[in-house]
1. Filter the stretch 140-150 down to the residues that are within 28 Å of ASN63 (Cβ to Cβ) and either assigned to a strand (DSSP E or B) or of a type in the set (Val, Ile, Thr) (or both) and list them by number.
2. Just give me the residues in the stretch 76-108 being closer than 20 Å to SER128 by Cα, of a type outside the set (S, T, N, Q) and open to solvent by less than 10 Å² (accessible area, probe 1.4 Å), in sequence order.
3. Condition first: open to solvent by 20 Å² or more (accessible area, probe 1.4 Å) and of a type outside the set (A, V, I, L, M, F, W, C). Now tell me which residues in the stretch 44-59 satisfy that.
4. Scan the stretch 26-45 and tell me whether some residue there is closer than 22 Å to LEU127 by Cβ, assigned to a strand (DSSP E or B) and among the charged types (D, E, K, R).
5. Given the condition over 21 Å from GLY140 (Cβ atoms), out of contact with any Pro (no Cβ under 6 Å at 6 or more places or on another chain) and either in a loop (DSSP other than H, G, I, E, B) or acidic (Asp, Glu) (or both), answer yes or no: does some residue in the stretch 78-94 qualify?
6. Is there any pair with a first residue in the stretch 4-23 that is farther than 25 Å from ASP50 by Cβ and part of a helix (DSSP H, G or I) and a second that is open to solvent by less than 70 Å² (accessible area, probe 1.4 Å) and not β-branched (Val, Ile, Thr) whose Cβ atoms are under 7 Å apart and which are 6 or more apart or on different chains, and what are they?
7. Restricting the stretch 60-75 to residues that are open to solvent by less than 30 Å² (accessible area, probe 1.4 Å) and not in a strand (DSSP E or B), which is modelled with the lowest pLDDT?
8. Report the residue count in the stretch 124-139 for those that are closer than 23 Å to GLU57 by Cβ and open to solvent by less than 20 Å² (accessible area, probe 1.4 Å).
Amino acid sequence: GLNAQLASVAADIPSLPSDFTLSFDDGKWDTDLVINVSAGLTVIDISTNDNDLLLEESNLLFNGPVGAFVVIRVPDEANFLVTQSNIIVGDDGIGLNNVLFFSDKDDNNQHFNFNDTILNGVAFWDLSAEGEIHLSNAMGCTQLVGSKIDMNDVQLNGCATAVPEPNTALLIGLGLVGLTATRSLLSA
C-alpha cells in the first residue's frame, strides 16, 4: 500500500500548477529568505539554469497561517545541497510537516545533501528510483522519504502534527506517509 501511495504522489506533484518560481541562475542561494504563504496550497518551482542548488550559510524560513501548505519542486537537473544553513517553519501557525521539498530526478545522485544543518518541520522527499538523501551533522525534526537515506552524526526528533482542515486531506495524507516512513527509519 505505501509504495502505491508514493507512486500516486510521484505522479501528482509534478502536475500541480506552480504559484511562482525562485530563480538562482548560478545555482547559489547565499542570502537569508523568508517565504510568507497564505492558507491553502502554495507550489514553488526552483530554477537553477541547469546547475545544482547550493544553500550555503543562510537561513530559509517558511511562515504562514494554520492551513498553509507548501510544495517546493527541485528541478530535474539539480541536486539540492545545503551546508551551514537552517531550513525551518515559522511560528505564525503553519504546521510542522506542512512544507515539502520534492525531487523525482531519475539518477543515482544525492538529490538532497545536508551538512551542518538544522531542519525544523520541513520534509524532503526523493521519489526517484535510485536517488539518495544524505545528512551529515544535522539536527531537528524532518520527514525523509527516499529509496536510500544516509545519515552520519544526526539527531532527529519527531515533528508534532496539527489537526487538518478538511480541504487539506491530500497533503496531510502525504505528510502521514512521510511521517510513517521517517518513524520506520528512525526505529530501525
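1. To start, the set of residues in the stretch 140-150 that are within 28 Å of ASN63 (Cβ to Cβ) comprises 140-146, 149.
GLY140, CYS141, THR142, GLN143, LEU144, VAL145, ILE149, listed by residue number.
2. Narrowing the stretch 76-108 to residues closer than 20 Å to SER128 by Cα: 76-82, 99-108.
Checking the rest, the ones that are also of a type outside the set (S, T, N, Q) come to 76-78, 80-82, 99-102, 104-107.
ALA78, PHE80, VAL82, VAL99, PHE101, PHE102 - these are the residues of the stretch 76-108 that are closer than 20 Å to SER128 by Cα, of a type outside the set (S, T, N, Q) and open to solvent by less than 10 Å² (accessible area, probe 1.4 Å).
3. Step one: list which residues in the stretch 44-59 are open to solvent by 20 Å² or more (accessible area, probe 1.4 Å), which gives 45, 47, 49-52, 54, 56-57, 59.
Passing the criteria: ASP45, SER47, ASN49, ASP50, ASN51, ASP52, GLU56, GLU57, ASN59.
4. Scanning the stretch 26-45 turns up at least one residue that is closer than 22 Å to LEU127 by Cβ, assigned to a strand (DSSP E or B) and among the charged types (D, E, K, R).
5. Quick first cut of the stretch 78-94, residues over 21 Å from GLY140 (Cβ atoms) only: 78.
Subsequent filtering for residues that are out of contact with any Pro (no Cβ under 6 Å at 6 or more places or on another chain) retains 78.
Still in the list and also either in a loop (DSSP other than H, G, I, E, B) or acidic (Asp, Glu) (or both): 78.
So far as the stretch 78-94 goes, yes, one or more of its residues are over 21 Å from GLY140 (Cβ atoms), out of contact with any Pro (no Cβ under 6 Å at 6 or more places or on another chain) and either in a loop (DSSP other than H, G, I, E, B) or acidic (Asp, Glu) (or both).
6. LEU6/LEU127; VAL9/LEU127; VAL9/LEU174
7. PRO75
8. Kept after step one, since they are closer than 23 Å to GLU57 by Cβ, are these residues of the stretch 124-139: 124, 133-139.
Those still in the list that are open to solvent by less than 20 Å² (accessible area, probe 1.4 Å) too: 124, 133, 135, 138.
Number satisfying all stated conditions: 4.
The values are calculated or read from the model by the stated rules, or taken from the named source; none is laboratory data. These numbers come from a predicted model, not from an experiment. Here the Cβ is made from the backbone with ideal geometry for all residues, glycine too, and neighbour counts use every protein chain on show. Protein only, heavy atoms only, side chains kept; ligands, DNA and RNA dropped before computing areas. Shrake-Rupley method; radii C 1.70, N 1.55, O 1.52, S 1.80 Å.
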